[in-house]
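Data first, discussion second: the structure below is written as structure tokens.
The values are calculated or read from the model by the stated rules, or taken from the named source; none is laboratory data. The model shown is predicted, which means the values in this text are computed figures rather than measured ones. When we count neighbours, we look across all protein chains shown, and the Cβ atoms used for this are built from the backbone with ideal geometry, even at glycine. These accessible areas exclude ligands, DNA and RNA; they are computed on the full protein's heavy atoms, side chains included. Shrake-Rupley method; radii C 1.70, N 1.55, O 1.52, S 1.80 Å.
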Amino acid sequence: MATNPPEHVSNPFEQSIVYRMAVNQLRDAARHIDGIEPGIFSRLEVPKRSMVVSVPVRMDDNSTRMFTGYRVQHSITSGASKGGLRYAKNVDLGEVAALAMWMSWKCGIMGLPYSGAKGGIAVDTAAISAGEKQRLTRRFTEEVLSIIGPRIDVMAPDVGTDEQTMAWIYDTYSMKVGYACPEIVTGKPVELGGCVGRREATGRGVVYCIEMAAEDIKLPLGGATAVVQGYGNVGSVACDELHKRGVKVVAVGDRYAAVHNPRGIDIPALHRHVYENRDNPLKTVDGFAGAAKLPLDDLLAVKCDLLVPAAMERVITEEVAKKIDCKIIAEGANGPTTMKADAVLLDKGIFVIPDVLCNAGGVTVSYFEWVQDLAQFMWDEDKVNSELRKQMARAYKRVRAKMLERKVPMRTAALVIGVEKVAKEKAMRGLYP
Ligand code: NAD
């Protein structure tokens, strides 16, 4: 018997449209899960613990500026909580809570012994120096120290943060506890106990999913066309992996600009333009000579076989969905598609590989990194990549089987698997005291 969705709970996250979207997805999944007491779902609608901190930073001009930081642990039921740290201008508590909730389902789908968490600082990284970013990161770490730890809550990179950010957190935490503690973060530099292949893991996992979906719909990848939104960690690696498989990436966009070349963009040349060009401090595709400039708003409507949103949430709205002309959408970003847009895409017969499955390669290799740091025994890249491929294939097959069995969209199937695992664990553990 399906359980009823729980009563509405009033909480401080609800002003956020992203949080409401995550809760509505949870309620939709709960309708397909039998035998769980509704009170369990009420508990899953709100995060276990949230911390909001004011972070004072000495700026380069000697002034003091205040930033607001967040760390939200959606659940601690399934193990240490795990999730990225995002630096972006408009980060707020509700967005971080939604991202933390999605992490719980993602870890459940992948069968990882983690619960979901996420963090964020409201800051425009383009407007601060490297020194300011370091001081901000170290002071934020100090402010959330009481709720993090290798067995409590482990951070990783997300939008606006990278290996260097994780190295500063690792160092700050280690100075506090008095010994080197690499397992406090994942996504660190390899030299500091990071895992080979972690930086590429999310984009690689996205492309492994694309391979499996293309096989399911009998779409040959050689010569297929792709459009990628976001050319950061996830988007740039996805472009590279697609290019290596003979896919023509015809358009790429980021926060500042989009570029288009119907004959296929030379991805190694684009990579050099963005990442190896001192005159490009914003690391943008803007100004790339090998493609024409495209209005940003037109990017997602470029006709292609494979569309990879790999930037921010809620970019595929109902209106955008109506203009999309592709066969597969592979969600590299978290929450890129609104629920109304989902309905339009379903109507159009577009194969959507949902975020909680598609971008789970990142947390999977983060798990490998954490295990290696705890065991003090490092793997080589072949082992990392083959384990990643194995885990992604297993999760993809389970989700696809659930989708066919329940006759639901792939997103619902993925969420049912993730939510059900956490809900069952909560039910078995019981309500304390
Ligand atoms: P990043 O900071 O490395 O790159 C973000 C990219 O998106 C940049 O190119 C930026 O210019 C672009 N962008 C930002 N705002 C945009 C906008 N409004 N329109 C178009 N482009 C915009 O971040 P990332 O780590 O690549 O993360 C991208 C997405 O993938 C996020 O949703 C993140 O939560 C998700 N994700 C990341 C990881 C990871 O391992 N890094 C894992 C899982 C999911």
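Which of the residues spanning the range 210-244 are in a helix (DSSP H, G or I), of a type in the set (A, V, I, L, M, F, W, C) and over 15 Å from the mean Cα position of the chain (by Cα)? Spell out the reasoning first.
Narrowing the range 210-244 to residues in a helix (DSSP H, G or I): 210-216, 233-244.
Pick out the ones that are also of a type in the set (A, V, I, L, M, F, W, C) and you get 210, 212-214, 234, 237-239, 242.
Of everything in the range 210-244, those that are in a helix (DSSP H, G or I), of a type in the set (A, V, I, L, M, F, W, C) and over 15 Å from the mean Cα position of the chain (by Cα) turn out to be 210, 212, 213, 214, 239, 242.
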query: What's the number of the condition residue 202 fails, among (1) within 14 Å of the ligand (Cβ to nearest atom); (2) in contact with a Ser or Thr (Cβ under 7 Å, 6 or more places away or on another chain); (3) assigned to a helix (DSSP H, G or I); (4) of a type outside the set (Lys, Arg)?
result: (2)
- prompt: Based on what the data block shows, is residue 339 open to solvent by 10 Å² or more (accessible area, probe 1.4 Å), without any contact (Cβ under 8 Å) to a residue 12 or more places away in the chain and not assigned by TED's automatic domain parsing to the domain that holds residue 116?
  reply: no
- prompt: Is it the case that some residue within the range 116-129 is open to solvent by 20 Å² or more (accessible area, probe 1.4 Å), part of a helix (DSSP H, G or I) and of a type outside the set (Ser, Thr, Tyr)?
  reply: yes
- prompt: Among the residues of the range 306-336, how many are touching a Ser or Thr at 6+ places or on another chain (Cβ under 6 Å) and either farther than 22 Å from residue 360 by Cα or among the hydrophobic types (A, V, I, L, M, F, W, C) (or both)?
  reply: 2
task: Out of the residues in the range 245-268 that are in a strand (DSSP E or B) and open to solvent by 10 Å² or more (accessible area, probe 1.4 Å), state the one that is nearest to residue 302 (Cα to Cα).
output: 260
query: Looking at 289, 257, which is the one that is more than 25 Å from the chain's Cα centre (by Cα) and of a type in the set (A, V, I, L, M)?
result: 289
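Hey, any hits in the range 411-425 for a residue that's over 18 Å from residue 36 (Cα atoms) and either free of Cβ contacts under 8 Å to residues at least 60 places away in the same chain or open to solvent by less than 50 Å² (accessible area, probe 1.4 Å) (or both)?
yes
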message: Being under 20 Å from residue 219 (Cβ atoms) and away from the ligand (no atom under 15 Å from the Cβ) is the filter here; which residues of the range 325-346 pass it?
response: 325, 326, 327, 328, 345, 346
- prompt: Filter the range 342-370 for residues that are acidic (Asp, Glu) and open to solvent by less than 10 Å² (accessible area, probe 1.4 Å); which is farthest from the chain's Cα centre (by Cα)?
  reply: 369
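With the structure loaded, tell me whether residue 69 is at pLDDT 95 or above, of a type outside the set (Asp, Glu) and outside any helix (DSSP H, G or I) or whether it fails that test.
yes
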Residue count for the range 302-319, restricted to those that are farther than 20 Å from residue 232 by Cβ and either surrounded by fewer than 18 Cβ atoms within 10 Å (Cβ to Cβ) or within 14 Å of the ligand (Cβ to nearest atom) (or both): 4
- prompt: If only one of 85, 112 is open to solvent by less than 10 Å² (accessible area, probe 1.4 Å), in the same structural domain as residue 46 (by TED's automatic domain parsing) and part of a loop (DSSP other than H, G, I, E, B), which one is it?
  reply: 112
